[in-house]
Number of protein chains: 2
Amino acid sequence: MGRLTGRDPSLLRRINSTVVLRALRAADGAPTLSDLSQATELSRPTVEGVVEQLVTAGLVAEAAVGPGDVRRQGRPARRYRFRAEAGHLLGVEIGPHRVAAVLADLSGHRLGMLGREVSEHATADERLERVRGTVAELLRTCEVPRSTLRAVGVGSPGIVESDGTVRLCTALPGWTGLPLGERLRRSFRCPVLVENDANAAALAEHWKGVAAGSGDMVFVLAGLSPGAGSLIGGRLHRGFGGAAGEIGALHLLGREATPERLLSTTGEPLHPLDEAAVAEVFALAREGDARAQRAVERFNRRLVHDVAALVLALDPELVVVGGWATGLDDVLDPLRRELARYCLRPPRVELSLLAGEAITTGALRLALGHVEEELFTVEGTGPF
Amino acid sequence: MGRLTGRDPSLLRRINSTVVLRALRAADGAPTLSDLSQATELSRPTVEGVVEQLVTAGLVAEAAVGPGDVRRQGRPARRYRFRAEAGHLLGVEIGPHRVAAVLADLSGHRLGMLGREVSEHATADERLERVRGTVAELLRTCEVPRSTLRAVGVGSPGIVESDGTVRLCTALPGWTGLPLGERLRRSFRCPVLVENDANAAALAEHWKGVAAGSGDMVFVLAGLSPGAGSLIGGRLHRGFGGAAGEIGALHLLGREATPERLLSTTGEPLHPLDEAAVAEVFALAREGDARAQRAVERFNRRLVHDVAALVLALDPELVVVGGWATGLDDVLDPLRRELARYCLRPPRVELSLLAGEAITTGALRLALGHVEEELFTVEGTGPF
C-alpha cells in the first residue's frame with residue numbers, strides 16, 4: 001500500500017547510520033559530533049551512538065585535530081572522517097586486444113592503473129588468466145591487499161545478462177555463454193558487476209567525461225562493428241534482454257557491408273582489421289590517396305547511418321563518439337552535418353574525453369555504485 | 001536528505017485519504033467502514049472521518065445495501081463506493097484525415113466515442129474547430145455536461161513539448177509552433193495533456209491492447225512516414241527533446257525513398273497517398289500484379305529497416321505494428337523473419353489490437369493518468 005512507517009527499530013538504525021555517513025562524506029573537512037547533529041537533524045546522543053558503531057565497523061575514523069579545535073575548557077572537540085581507505089574497488093576492461101584495470105578507494109579516487117596486451121585469438125581461459133595477472137600486478141604495485149576489495153566492475157563486449165553471463169559475443173573467442181561474473185567472483189571473492197563495454201563507457205563519460213551533466217546521451221563505440229551505450233534520465237538503458245545499442249547489425253540488412261570491405265583500398269577485404277590497419281587507411285586518405293579517401297568515406301557513411309538510427313530512436317541530448325584511438329576527428333564533421341540535416345532535433349556531437357580509459361573508468365563507476373548502494377542507500381531513496 | 005517523516009498533519013490526512021480511495025477502488029463490491037479499516041490498517045474512527053470528507057468532496061457515495069447486509073441488531077452496515085461518475089475524461093485524436101474523441105468516467109470506463117473526417121488541407125483553426133464540434137456532439141449524445149470534464153488527453157502527429165506546444169509537425173498544415181495544449185485548455189477549461197500520436201498508441205496497447213504486461217515495447221505507427229512510440233520499464237520514453245521514435249527520416253540518409261515512390265506502380269509518384277491508395281496497391285499485389293508486388297516489397301523493406309533500427313537501438317520485448325487500416329498482415333511475416341535474422345535478441349512482433357482506436361485510447365489513458373495522480377498518489381509512491 002506504500003504507507004510510510006518509521007517504527008521498525010533496525011530500519012531506523014539503518015536510516016540514521018546512512019544519514020550520518022552521507023553527512024560525513026558531504027562535509028567540507030572533518031565535522032564534529034555537533035556539526036553532524038546539526039547537519040542530520042538527529043540528536044547528539046543518537047549521532048554519538050551511530051558514529052561509535054561506524055568506527056567499530058571501520059568506516060569512520062577520528063580525524064587529526066587542528067590548532068583551532070580547542071574548547072573553552074581546553075579539551076579539543078573530536079572530529080571524524082569517512083575512511084575511504086577502508087576498502088578498494090577495481091574497474092576492469094576485457095577487450096579483444098588488451099585487458100586493463102584501474103584501482104580506487106571507496107570514494108572512487110584512483111590509486112593506480114595497468115594495461116596489458118592480449119592476443120585476439122586467446123581462449124576465454126587465457127584471457128581470464130591475463131585479467132587475473134594484470135590485477136595481481138596492479139594490487140602488488142599499489143601495495144593493496146586483495147582482501148580489501150569490496151567490488152569489481154567489468155566492461156566487456158557482447159550482450160551481458162544481469163547475473164554477469166555473456167549471452168552473445170562475436171568479438172572474443174569462447175566468450176558466448178561464459179559465466180564471466182561467476183568466474184571472476186571466484187577469483188576476487190567480492191561482488192563482480194559485468195556490463196557491456198559501450199554501456200560502461202557511457203557511464204564513464206557521464207561520470208568524468210564530456211557527458212558530465214547530460215543524463216540523456218548515447219556513447220558510440222566506433223569499433224569494427226559499432227556498438228552503443230545509452231543513458232536515459234541518468235540511468236543506463238540496457239534494453240529488455242541487455243542488447244540495446246547493438247546497432248552494428250543494421251547494415252547487414254539488405255547488403256553485406258562489413259568494415260573489412262568498407263575500409264578496403266585494394267578490392268580485397270582489409271585483413272587483419274585492427275587499429276593499426278585502420279589508422280593507416282585514415283593516414284593514406286589524409287595524404288590524398290583516392291582509394292583510401294573513398295574507403296574512409298564509405299566507412300563514415302556507415303557510421304553516420306548507424307548513429308542516425310540511434311539518434312532517431314532515442315532522441316538523446318548528446319552523442320559521444322569514442323573507441324578508435326585514431327581517425328575519429330575525420331568522422332565528427334560529417335556526423336554533425338548529416339545529423340543536423342536529417343534529425344528533427346539534432347543532438348550535440350562530441351568526441352570522447354576519456355578515450356582509451358572510458359571502459360575501465362565506467363567499470364570502476366559500476367563498482368563504486370555498488371558500494372554506494374550498500375553503504376549510503378535507504379530503501380526508497382537514491383544514493384546521493 | 002531523504003529522511004522519512006509522517007509528522008506533518010496535512011500530509012498525514014492526504015496519505016489516509018489516498019489509502020482509503022485506493023482501497024475503495026480496489027475492493028470487490030462496496031466495502032463497509034470495517035472492511036476499509038481492515039484493508040487500510042487505519043483505525044475505524046480515522047476511516048470514518050476520511051470517508052466523510054470524501055463524501056463531502058463528491059468522490060465517494062453510500063452504496064445501495066444488499067439483503068445480506070443486516071447486523072444482529074437489525075441495522076444494516078453502510079457500504080461505500082468510489083463515485084467514478086463524479087467527473088469525466090476525454091481522449092482525443094487529431095490526425096491528417098480525421099479527428100475522434102472518446103468519453104469516459106473517472107475509472108476510465110468508456111461512455112461513448114465519435115469520429116469525424118477532416119480535410120488533410122484544413123488549416124489549424126479549421127482542424128481545431130472540427131475537434132471542438134466533435135467533442136460537443138459527443139458530450140451532447142452522452143448527456144454529459146462540459147463542466148464535469150476533469151482532464152483531456154490528446155494524440156497528434158509531430159514533436160510535442162511538455163507544455164503541449166507542437167515543436168515540429170510536417171503532417172498537418174499550420175501545426176508547427178501551434179500552442180495546441182493552451183488552445184484546447186481555453187476550450188475545455190480543464191487540464192489538457194498533448195502527446196505524440198505514436199506515443200499515445202504505445203500507452204494504449206500497454207493499457208488495453210496486445211502489449212498488456214509488456215512494459216518494454218515499441219509501437220510502430222506504419223503511416224506515410226513511419227513513427228514510433230516506446231515504453232521503457234512501463235514508462236513512455238519521449239527523448240530529450242520529445243523526438244524519440246521519429247524514425248521516418250532514416251531512409252532519407254543517402255537516398256530519396258519516399259513512400260510515394262516506394263509504393264508507385266507506374267514509375268510516377270503515387271498521388272494522393274492515402275489509405276485507399278495504399279490499400280489498392282496491396283490488393284493488386286495480392287491478385288498477382290508484378291509491379292504492385294515489387295512496390296509492396298520495396299515498402300516492406302523500408303519498414304523492416306526502420307523497425308530494425310528501433311529494435312537494435314532499444315532492445316524491446318515486443319514490437320506492435322499499427323497505423324494502416326489495411327495491408328499490415330503482409331508486413332508481419334517479412335518483419336519477423338528479418339528481425340530474427342539480424343537482431344541479436346529478436347523481439348516478439350504483433351499487430352495492434354486496438355487498430356483505429358489506439359490513439360484515442362492512449363489519449364484517454366493520459367487523461368486518466370492525470371486524475372489518478374491527482375487523486376491517488378502520495379509523494380514517494382506511484383499510482384496503483
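Hey, can you tell me all the residues within region A:176-200 that are of a type in the set (Gly, Ala, Ser) and under 22 Å from residue A:356 (Cα atoms)?
The answer is A:198, A:200.
Within the bounds of region B:126-134, is there any residue that is touching a helix residue (DSSP H, G or I) at 6+ places or on another chain (Cβ under 9 Å), assigned by TED's automatic domain parsing to the domain that holds residue B:198 and assigned to a strand (DSSP E or B)?
No, the conditions are met nowhere in region B:126-134.
For residue B:282, are the conditions met, namely being open to solvent by less than 10 Å² (accessible area, probe 1.4 Å), of a type in the set (Phe, Trp, Tyr) and modelled with pLDDT under 90?
yes
Looking at region B:28-38, is at least one residue at pLDDT 90 or above, away from chain A (no Cβ under 14 Å), within 26 Å of residue B:364 (Cβ to Cβ) and assigned to a loop (DSSP other than H, G, I, E, B)?
yes
Within region A:209-220, identify whether any single residue is under 20 Å from residue A:117 (Cβ atoms) and not aromatic (Phe, Trp, Tyr), and answer yes or no.
For region A:209-220, residues under 20 Å from residue A:117 (Cβ atoms) and not aromatic (Phe, Trp, Tyr): absent.
Scan region B:294-305 and give yes if some residue there is touching a Ser or Thr at 6+ places or on another chain (Cβ under 7 Å), part of a helix (DSSP H, G or I), crowded, with 20+ Cβ neighbours inside 10 Å and more than 9 Å from every other protein chain (Cβ to nearest Cβ), otherwise no. Can you show your working first?
From region B:294-305, those touching a Ser or Thr at 6+ places or on another chain (Cβ under 7 Å) are B:295; that's our starting set.
From what's left, part of a helix (DSSP H, G or I): B:295.
This time we only want the ones that are crowded, with 20+ Cβ neighbours inside 10 Å, so: B:295.
This time we only want the ones that are more than 9 Å from every other protein chain (Cβ to nearest Cβ), so: B:295.
Yes, region B:294-305 contains at least one residue that is touching a Ser or Thr at 6+ places or on another chain (Cβ under 7 Å), part of a helix (DSSP H, G or I), crowded, with 20+ Cβ neighbours inside 10 Å and more than 9 Å from every other protein chain (Cβ to nearest Cβ).
Just to be sure I understand, how many residues within region B:114-153 are surrounded by 15 or more Cβ atoms within 10 Å (Cβ to Cβ), more than 19 Å from the chain's Cα centre (by Cα) and of a type in the set (Val, Ile, Thr)?
Selection size over region B:114-153: 3.
Restricting attention to region B:185-198, and to residues there that are over 17 Å from residue B:365 (Cβ atoms) and under 20 Å from the mean Cα position of the chain (by Cα), which single residue is modelled with the lowest pLDDT?
Of all residues in region B:185-198, those over 17 Å from residue B:365 (Cβ atoms) come to B:185-189.
Among the residues that remain, those that are also under 20 Å from the mean Cα position of the chain (by Cα) are: B:185, B:188.
Values: B:185: 96, B:188: 93.
The extreme case among them is B:188.
Of all residues in region A:224-267, which are in a loop (DSSP other than H, G, I, E, B), open to solvent by 30 Å² or more (accessible area, probe 1.4 Å) and either at the interface with chain B (Cβ under 7 Å from one of its Cβ atoms) or at pLDDT below 90 (or both)?
A:224, A:225, A:240, A:246, A:254, A:255, A:256, A:258, A:265, A:266, A:267
If I ask for residues that are closer than 20 Å to residue A:118 by Cα and either in a helix (DSSP H, G or I) or not aliphatic (A, V, I, L, M) (or both), which ones from region A:166-178 would you list? Spell out how you get there, then give the answer.
So in region A:166-178, the residues closer than 20 Å to residue A:118 by Cα come out as A:166, A:169-176, A:178.
Correct list: A:169, A:170, A:173, A:174, A:175, A:176.
Being modelled with pLDDT of 85 or more, of a type outside the set (Gly, Ala, Ser), in contact with a strand residue (DSSP E or B) (Cβ under 9 Å, 6 or more places away or on another chain) and open to solvent by 50 Å² or more (accessible area, probe 1.4 Å) is the requirement here; does residue A:291 meet it?
No, not satisfied.
Which ones in region B:319-345 are assigned to a loop (DSSP other than H, G, I, E, B), in contact (Cβ under 8 Å) with a residue 40 or more places away in the chain and open to solvent by 50 Å² or more (accessible area, probe 1.4 Å)?
Matches in region B:319-345: B:325 only.
Filter region B:135-159 down to the residues that are aliphatic (A, V, I, L, M) and either in a loop (DSSP other than H, G, I, E, B) or at positive phi (or both) and list them by number. Please lay out each step first, then the result.
Start the filter on region B:135-159 by keeping residues that are aliphatic (A, V, I, L, M), which leaves B:135-136, B:138-139, B:144, B:149, B:151-152, B:154, B:159.
Answer for region B:135-159, where residues must be aliphatic (A, V, I, L, M) and either in a loop (DSSP other than H, G, I, E, B) or at positive phi (or both): just B:144.
Looking only at residues in region B:349-374 that are in contact with a strand residue (DSSP E or B) (Cβ under 7 Å, 6 or more places away or on another chain) and free of Cβ contacts under 8 Å to residues at least 60 places away in the same chain, which one is surrounded by the fewest Cβ atoms within 10 Å (Cβ to Cβ)?
By that ranking, first place goes to B:355.
Which condition number does residue A:162 fail, the rest of (1) in a helix (DSSP H, G or I); (2) of a type in the set (Ser, Thr, Tyr); (3) within 14 Å of chain B (Cβ to nearest Cβ) being met?
With (1) in a helix (DSSP H, G or I); (2) of a type in the set (Ser, Thr, Tyr); (3) within 14 Å of chain B (Cβ to nearest Cβ) applied to residue A:162, the lone miss is (1).
Considering only residues that are among the aliphatic types (A, V, I, L, M) and open to solvent by 50 Å² or more (accessible area, probe 1.4 Å), which ones fall in region A:154-170?
Looking only at region A:154-170, we keep the residues that are among the aliphatic types (A, V, I, L, M), and these are A:154, A:159-160, A:166, A:168.
Within region A:154-170, just A:168 meets the criteria.
Name the residue that is farthest from residue A:344 (Cα to Cα), counting only residues in region B:129-146 that are free of Cβ contacts under 8 Å to residues at least 24 places away in the same chain and not hydrophobic (A, V, I, L, M, F, W, C).
Ranking the candidates gives B:143 first.
Quick one: would you say residue A:309 is facing chain B (nearest Cβ under 9 Å), free of Cβ contacts under 8 Å to residues at least 12 places away in the same chain, part of a helix (DSSP H, G or I) and of a type in the set (A, V, I, L, M, F, W, C)?
It is false that residue A:309 is facing chain B (nearest Cβ under 9 Å), free of Cβ contacts under 8 Å to residues at least 12 places away in the same chain, part of a helix (DSSP H, G or I) and of a type in the set (A, V, I, L, M, F, W, C).
Go through (1) in a loop (DSSP other than H, G, I, E, B); (2) open to solvent by 20 Å² or more (accessible area, probe 1.4 Å); (3) at pLDDT 95 or above and name the single condition residue B:316 misses.
(2)
Regarding region B:9-17, can at least one residue be identified that is of a type in the set (Gly, Ala, Ser), at pLDDT 90 or above and exposed (fewer than 14 other Cβ atoms within 10 Å of the Cβ)?
no
Do the conditions hold for residue A:98, that is, is it closer than 30 Å to residue A:32 by Cβ, open to solvent by 60 Å² or more (accessible area, probe 1.4 Å) and of a type outside the set (Ser, Thr, Tyr)?
In short, no.
The values are calculated or read from the model by the stated rules, or taken from the named source; none is laboratory data. Note that the structure is predicted; figures quoted are calculated from it, not measured. Here Cβ is always computed from backbone atoms with ideal geometry, including for glycine, and neighbour counts include all displayed protein chains. Quick note on the areas: whole protein, heavy atoms, side chains included, nothing else; ligands and nucleic acids left out. Shrake-Rupley method; radii C 1.70, N 1.55, O 1.52, S 1.80 Å.
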